[in-house]
Amino acid sequence: MLSAATELFAATGFHGAKVRDIARAANANLAAANYHFGSKEELYLEVLRTHFTQVRARLAAQAPMPDKATIARMSRKQLEALARKRLETMIDILVGPPPAIYGRLMLREMCDPSAALPNIVDEFIRPNMDEMRLVFQGLYPSLSPAEIDRCSFSMVGQVMFYHVMRPAVLRFLGREEFPRGFTRQLAEHVFEFSLGGMERLASRRRRVRRAG
């Protein structure tokens, strides 16, 4: 049931998917869906939480996040390595190849939000943003919290571009799939581009403080 629901929610979004179609795709009767999950909303949340858990597990395995006290003691080189590895892992997930279905689920939700959006923000987006914020604050302590948040969103936006615009980018490149090593190259570009912007903001902030 979860597998069938994942495919339909990813294809049509929460509002477009019908429980009867999910049950049919899962070769289950309609009553089974209600019995196991109670409602379409609970089934949708279970699908999302399943994929949130998978993404978090992959991040924890490939780019484990130290606790706050450890981050405070890390060198700039260590912080940059951590940020780069987490970025590369998220690009692996969202861009692939192959791209994880998680990206399609999130895109559908963002285009046509459901009542589950607060859960998505609180259970997945906010924790990831909090972790990213800690790393960037360690790298650029002169930046304000609002500037750190905008920089974090900017980095995520660059990654999402390659997910959302995947068909157009591949056609532009004249390829059916991204080439071997593309993920690492893209992660390096997004990372260096983003840190360059943050360094410029931080330098301006330092100049303003010295002038004051």
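No value in this document is a laboratory result; all are computed from the given coordinates. Remember, it's a predicted structure, so these values are computed and weren't measured experimentally. Glycine gets a Cβ as well: all are built from the backbone with ideal geometry, and neighbour counts include every protein chain shown.
Those residues that are exposed (fewer than 13 other Cβ atoms within 10 Å of the Cβ) and outside any helix (DSSP H, G or I), I need them from the range 19-60; list them, please.
Scanning the range 19-60 gives Asn27, Asn29, Gly38, Ser39.
Within the range 55-77, identify whether any single residue is within 21 Å of Glu7 (Cβ to Cβ), touching a Phe, Trp or Tyr at 6+ places or on another chain (Cβ under 9 Å) and either touching a residue at least 40 places away in the same chain (Cβ under 8 Å) or not aliphatic (A, V, I, L, M) (or both), and answer yes or no.
Yes, the conditions are met somewhere in the range 55-77.
Inside the range 66-160, counting only helices (runs of 4 or more DSSP H) that do not spill past its ends, which hold 2 or more residues that are more than 11 Å from the chain's Cα centre (by Cα) and under 30 Å from Ser39 (Cα atoms)?
101-111, 117-120
Across the range 114-155, which residue is farthest from Phe193 (Cα to Cα) among those that are of a type in the set (Gly, Ala, Ser) and surrounded by fewer than 18 Cβ atoms within 10 Å (Cβ to Cβ)?
By that ranking, first place goes to Ala115.
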